[in-house]
Amino acid sequence: MKKKYQNGFLIFGLVVLALMVSQLDFKEVWEGIQRAGYWFLAVVLLWVFLYIFNTGAWWVIIKSGEKETAKTTVLKEDAETAEPKEDIEQTAPVPSKPFSYLWLYKITVSGFALNYATPGGLMGGEPYRIMSLSPYIGTERATSSVLLYVMTHIFSHFWFWLLSCVLYVLTQPMNVPMALLLLCVAAFCLTAIWFFLKGYKRGIAVSGMRILSHVPFVKKWAKRFFENHAEQLATIDHQIAALHGQNPRTFFTAVLLELSCRVVSALEIFFILLVIMPSANYLQCILILAFTSLFANMLFFIPLQLVGREGGFLLSAKGLSIGAREGIFVALLVRLRELIWTAIGLLLIKLEKRQ
């Protein structure tokens, strides 16, 4: 990636990060860190391993694209019979440059940092990932791999929320309002899963641009972009559909890695609750994470999901009979961890080697 783009991503992220840090109550933060002690260090270090799951899912998707064989049927007609004689398989081009898992890990961390700091989330990290990966595997494959990873990342969230509804029914006391809420969440998740499966089979690049061509303010740009890049968009859709249709093992591996990351990340809440509740239940932590992330993602347009995440912690903690003070304490330390990893990810942008 060119240095001017790197610097642009870095400066934008640091400015937003500085604004978010300025909103913290530093006295409250310091008291929270002192109270948590070494458990806060465990929370921060936990994400060293959680990002391995995220990177692994993206790595599997990229490597599957390298090994994929593009099957092209070439019909050779006999001059007399006019019948097809053979099918020929052509191998897709391999990447022009190799890259390491560690490098992809760095790009993954930086991408998530930009997503945390950017209103709308995907407007920051995904362009950065595409621009970083394009010199190695080409723009079309980089775009399709990033889109496919984003789809898998979001797809795993819906499965996590759906499974959490089942977990709640099996482990928590029920009442009518909660049953109705869980039913609505489950219906929403099932609808979203169905929509994503359709997207995996057919691709989303072309249909996405067609939808944008009817959206006010961007429809003129979308129509022009679609007309100028119709062939490239069709190629991206073909590559997205190929993973789901021709490589089911890769597809399920990527989804399982992302889903595992969601479940293991509940350890963050578990570690924090151990400070104030030695009897903390890990299954409850999974439910807190599920409903907090669901509530926070409804407010995706807010940088770092400010307020939304804290509100989610309070609501989910109250629903599980955990005190408001405990919910605020968890939300504070999770927010601080996010800020630390956002800063780390932004600084890693400057470690990019010159092309």
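Can you give me the number of residues within segment 251-287 that are under 16 Å from Ala331 (Cβ atoms), open to solvent by less than 30 Å² (accessible area, probe 1.4 Å) and aliphatic (A, V, I, L, M)?
Residues in segment 251-287 being under 16 Å from Ala331 (Cβ atoms), open to solvent by less than 30 Å² (accessible area, probe 1.4 Å) and aliphatic (A, V, I, L, M): 6 in total.
Please go through segment 35-57 and pick out each residue that is among the hydrophobic types (A, V, I, L, M, F, W, C), under 21 Å from Leu332 (Cα atoms) and open to solvent by 80 Å² or more (accessible area, probe 1.4 Å).
Leu41, Leu45
Among the numbered criteria (1) open to solvent by 10 Å² or more (accessible area, probe 1.4 Å); (2) of a type in the set (Asp, Glu); (3) modelled with pLDDT of 75 or more, which single criterion is violated by Glu326?
Going through the list (1) open to solvent by 10 Å² or more (accessible area, probe 1.4 Å); (2) of a type in the set (Asp, Glu); (3) modelled with pLDDT of 75 or more, Glu326 breaks only (3).
Quick check on Ala70: is it touching a strand residue (DSSP E or B) at 6+ places or on another chain (Cβ under 8 Å), among the small types (Gly, Ala, Ser) and at pLDDT below 50?
So Ala70 fits the description; yes.
This table checks each residue for (1) open to solvent by 20 Å² or more (accessible area, probe 1.4 Å); (2) in a helix (DSSP H, G or I); (3) closer than 30 Å to Glu231 by Cβ; (4) touching a helix residue (DSSP H, G or I) at 6+ places or on another chain (Cβ under 7 Å).
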position: Gly111; (1), (2), (3), (4): no, yes, yes, yes
position: Pro127; (1), (2), (3), (4): yes, yes, yes, no
position: Leu148; (1), (2), (3), (4): no, yes, yes, yes
position: Met174; (1), (2), (3), (4): yes, no, no, no
position: Met178; (1), (2), (3), (4): yes, yes, no, no
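Open to solvent by 20 Å² or more (accessible area, probe 1.4 Å), at pLDDT below 60, assigned to a loop (DSSP other than H, G, I, E, B) and over 20 Å from Leu347 (Cβ atoms), is that true of Glu89?
When the stated conditions are applied, Glu89 does not pass them.
Let's see how each residue does on (1) open to solvent by 60 Å² or more (accessible area, probe 1.4 Å); (2) closer than 17 Å to Ala290 by Cα; (3) not in a helix (DSSP H, G or I):
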residue: Leu190; (1), (2), (3): yes, yes, no
residue: Lys201; (1), (2), (3): yes, no, no
residue: His214; (1), (2), (3): yes, no, yes
residue: Lys220; (1), (2), (3): yes, no, no
residue: Ala241; (1), (2), (3): no, no, no
residue: Arg249; (1), (2), (3): yes, no, no
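With on the phi < 0 side of the Ramachandran plot, in contact with a Gly (Cβ under 9 Å, 6 or more places away or on another chain), hydroxyl-bearing (Ser, Thr, Tyr) and at pLDDT below 85 as the only criterion, which of Thr292, Thr235, Thr253 stands out?
Residue meeting the stated conditions: Thr292.
For the structure I just gave you, tell me whether Ser213 is among the polar types (S, T, N, Q) and within 16 Å of Ile240 (Cβ to Cβ).
No; evaluated as a whole, the condition is false for this residue.
Here's the yes/no breakdown for (1) hydroxyl-bearing (Ser, Thr, Tyr); (2) assigned to a helix (DSSP H, G or I); (3) over 20 Å from His229 (Cα atoms); (4) modelled with pLDDT of 85 or more:
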site	(1), (2), (3), (4)
Gly124	no, yes, yes, no
Ser132	yes, yes, yes, yes
Pro135	no, yes, no, yes
Glu140	no, yes, no, no
Phe155	no, yes, yes, yes
Leu163	no, yes, yes, yes
Leu167	no, yes, yes, yes
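Checking Gly311 against (1) in a helix (DSSP H, G or I); (2) surrounded by fewer than 20 Cβ atoms within 10 Å (Cβ to Cβ); (3) among the small types (Gly, Ala, Ser); (4) modelled with pLDDT of 70 or more, only one condition comes out false. Which one?
Gly311 satisfies every listed condition except (4).
The values are calculated or read from the model by the stated rules, or taken from the named source; none is laboratory data. These numbers were taken from a predicted model, which means no experiment stands behind them. In this analysis, Cβ positions are derived from the backbone assuming ideal geometry, glycine residues included, and neighbour counts consider all displayed protein chains. Note: areas computed on protein heavy atoms with side chains; ligands, DNA, RNA excluded. Shrake-Rupley method; radii C 1.70, N 1.55, O 1.52, S 1.80 Å.
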